[in-house]
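The structure appears below as structure tokens.
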Amino acid sequence: MMKLSMMSFFIYPAAFLYLLGGIKVVRGAESHIVVDAKTGFVLLSKDENTPREVASLTKVATVLAALEWVTEKGAELSIMMPVSKSAVSGGVNPLKLQLGDSLSIESALFAAMMASDNTSAYVLAEYVGSEMAPGNDGDVAVGVFVERMNRLASDLVMSSTRFVNPHGLDGATTRGKSTAADMARLTIHAYEEPGFSRLVSEKEKEIVFFRDGNPVAIRVNNTNALVGSRGIDGVKTGTTSRAGACLITSSVGAGENDSARLISVVLKADDRFRESVILLSDGWQARGEWLAKGGEIGENESLLSAGN
């Protein structure tokens, strides 16, 4: 399997962060992977199968599970969902939602992905979970939804992944886990779901919810600072004290590569944006070299292979 180029080695020369002559040297992420989305061919990797906490990268599974439920039921994205007390009990709440507010499925999807909104992710999970198991609400309904997330992971052979909530915060007694390889598998699948790409590709968006029957509009910025540059059109940031800085990035090709897409994942990085840019640059070069040699995929070189 191909590894990082020498260019990347010199940019990330240390296994840790240190100061040298007053210059900050950035270590590489503890895990990373870059894959060709069409074939699942692994172009670059480091500890890609090591289980780690992935923070708000979890929300990719949350949004994907909700979108698949919408498709299955023929539900409208305009359906309004109530904001419960549990939904506003903690975590990131950029819309400043309150008990009694309501927002549409579409608004919650955008808020969860673009603004990494924990409250909106919980509202989605509680509403869809209650629809899946009528008569249940609160944490019980959320638990039903999280099990759907885990079934999705199982279906995608994400064998090292276990979700414990819809937002990625550390649980009181349990913690979710995944790997760089598993999150790449999830993201490849997400791009096959109609409607996913538009949730992650905008730099900013006005999101509307309702309070006392009146619309409230909040403009949010995409937490992925790379979106809109260098062919990057997604996907999701994630940060907690235990997980560190994490990032899934999608990059689309230009010219001869205009139908190609690379997915990169970095977990517990010191500078997730800088490293992702470098990894993607090296990834496109590695892809070109791979194709020049015939584009063959050996055993265990694709995330989409049955035993990998």
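Residues that are closer than 13 Å to Leu304 by Cβ and of a type in the set (D, E, K, R) were ranked within the stretch 181-198; the one that is surrounded by the fewest Cβ atoms within 10 Å (Cβ to Cβ) is Glu192. Against the list (1) touching a residue at least 60 places away in the same chain (Cβ under 8 Å); (2) touching a helix residue (DSSP H, G or I) at 6+ places or on another chain (Cβ under 9 Å), the condition Lys268 fails is (2).
The residues of the stretch 171-180 that are modelled with pLDDT under 95 and open to solvent by less than 50 Å² (accessible area, probe 1.4 Å), listed by number, are Gly171, Gly176.
Of all residue pairs spaced 6 or more apart or on separate chains, those with beta-carbon atoms under 6 Å, a first member in the stretch 155-176 that is closer than 16 Å to Pro51 by Cα and a second member that is of a type in the set (S, T, N, Q) and exposed (fewer than 14 other Cβ atoms within 10 Å of the Cβ) are Val164/Thr174. Confirm whether Ala87 is of a type in the set (A, V, I, L, M) and either surrounded by fewer than 24 Cβ atoms within 10 Å (Cβ to Cβ) or in contact (Cβ under 8 Å) with a residue 40 or more places away in the chain (or both). When the stated conditions are applied, Ala87 does not pass them.
Which fully enclosed strands (runs of 3 or more DSSP E) of the stretch 199-275 have 1 or more residues being more than 13 Å from the chain's Cα centre (by Cα) and among the hydroxyl-bearing types (Ser, Thr, Tyr)? Write out each step before concluding.
Numbers: elements: 204-211, 214-221, 232-240, 244-252, 261-269.
Here the list reads 232-240, 244-252.
Selection of the stretch 209-245 for residues being within 12 Å of Met114 (Cα to Cα), open to solvent by 60 Å² or more (accessible area, probe 1.4 Å) and among the charged types (D, E, K, R) yields only Arg219. Against the list (1) touching a residue at least 60 places away in the same chain (Cβ under 8 Å); (2) at negative phi; (3) open to solvent by 20 Å² or more (accessible area, probe 1.4 Å), the condition Leu303 fails is (3). Filtering the stretch 103-155 to residues that are open to solvent by less than 40 Å² (accessible area, probe 1.4 Å) and either at pLDDT below 95 or part of a loop (DSSP other than H, G, I, E, B) (or both) leaves Ala115, Ser116, Asp117, Ala133, Gly138.
Residue-by-condition table, conditions (1) open to solvent by 40 Å² or more (accessible area, probe 1.4 Å); (2) in contact with a Pro (Cβ under 9 Å, 6 or more places away or on another chain); (3) among the basic types (Lys, Arg):
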site	(1), (2), (3)
Lys268	yes, no, yes
Ala286	no, no, no
Glu289	yes, no, no
Glu296	yes, no, no
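The values are calculated or read from the model by the stated rules, or taken from the named source; none is laboratory data. Everything numeric here is computed off the predicted structure, so don't read it as measured data. Cβ atoms come from the backbone with ideal geometry, glycine included; neighbour counts cover every protein chain shown. These area figures cover heavy atoms from the full protein model, side chains too; ligands, DNA and RNA do not enter into them. Shrake-Rupley method; radii C 1.70, N 1.55, O 1.52, S 1.80 Å.
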